[in-house]
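J.: The structure that follows is given in the form of structure tokens.
Any read-out appearing in this document is the output of simple, stated calculations on the displayed coordinates, not a laboratory observation. In this text, all values refer to a predicted model and were calculated from it rather than measured experimentally. FYI the Cβ positions are ideal-geometry reconstructions off the backbone, even for glycines, and counts take in every protein chain you see.
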Amino acid sequence: MEQIINLHIEKLPEGFYLATSEDISGLIAQGRTITETLKIARDVAKKLLEAQAERNITCTLKATENSFDYPLVVGS
């Protein structure tokens, strides 16, 4: 089952991007591009969810529905 995790992404003064989430405690990812940051955040989220499952900690995330909005970031 796929679930939705909301991320907050900000560009740091050094030029990197930082992703955090209020949905999963401890989720922090940094990359050189938004795409790289999202990829790292996805990997971190999977590992954090696996670790929580091993400890029988439940994280209530919203399941994907038949339709939802997704911001697509494209470069020019």
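J.: So what is the 222 nm mean residue ellipticity for the chain from helices alone, if each DSSP H run of at least 4 adds -39500 (n - 2.57) and you divide by all residues, rounding to the nearest 500 deg cm²/dmol? Walk me through the intermediate numbers first.
T.: Working: 1 runs with 21 residues, N = 76.
Only helices count here, giving -9500 deg cm²/dmol.
J.: Shifting gears a bit: Compute, for segment 3-57, the length of the dipole vector about the Cα centre, with Cβ point charges of +1 (Lys, Arg) and -1 (Asp, Glu) only. Units Debye, rounded to 20. Mind showing how you got there, number by number?
T.: Values: 7 positive and 8 negative charges, 29 e Å.
Its charge dipole is roughly 140 debye.
J.: Using a 7 Å offset from the Cα along the Cα-to-Cβ direction at both R42 and Q3, what is the distance between the two label points in nm, to one decimal?
T.: Each label point lies 7 Å from its Cα, and together they span 1.7 nm.
J.: Give the angle, between 0 and 90 degrees and rounded to the nearest 10, that separates the Cα long axis of helix 34-54 from the longest principal axis of the Cα atoms of the chain.
T.: 20
J.: Hey, another quick one. Roughly how many nanometres apart are two label points built 7 Å out from the Cα toward the Cβ at E22 and V73?
T.: Placing both labels 7 Å beyond Cα along the Cβ direction yields 2.0 nm.
J.: Just need the relative contact order of the chain here, percent rounded to a whole number, with Cα pairs under 8 Å and 6+ apart. Mind showing how you got there, number by number?
T.: Values: 90 pairs, mean separation 20.2, N = 76.
Answer for the chain is 27 percent.
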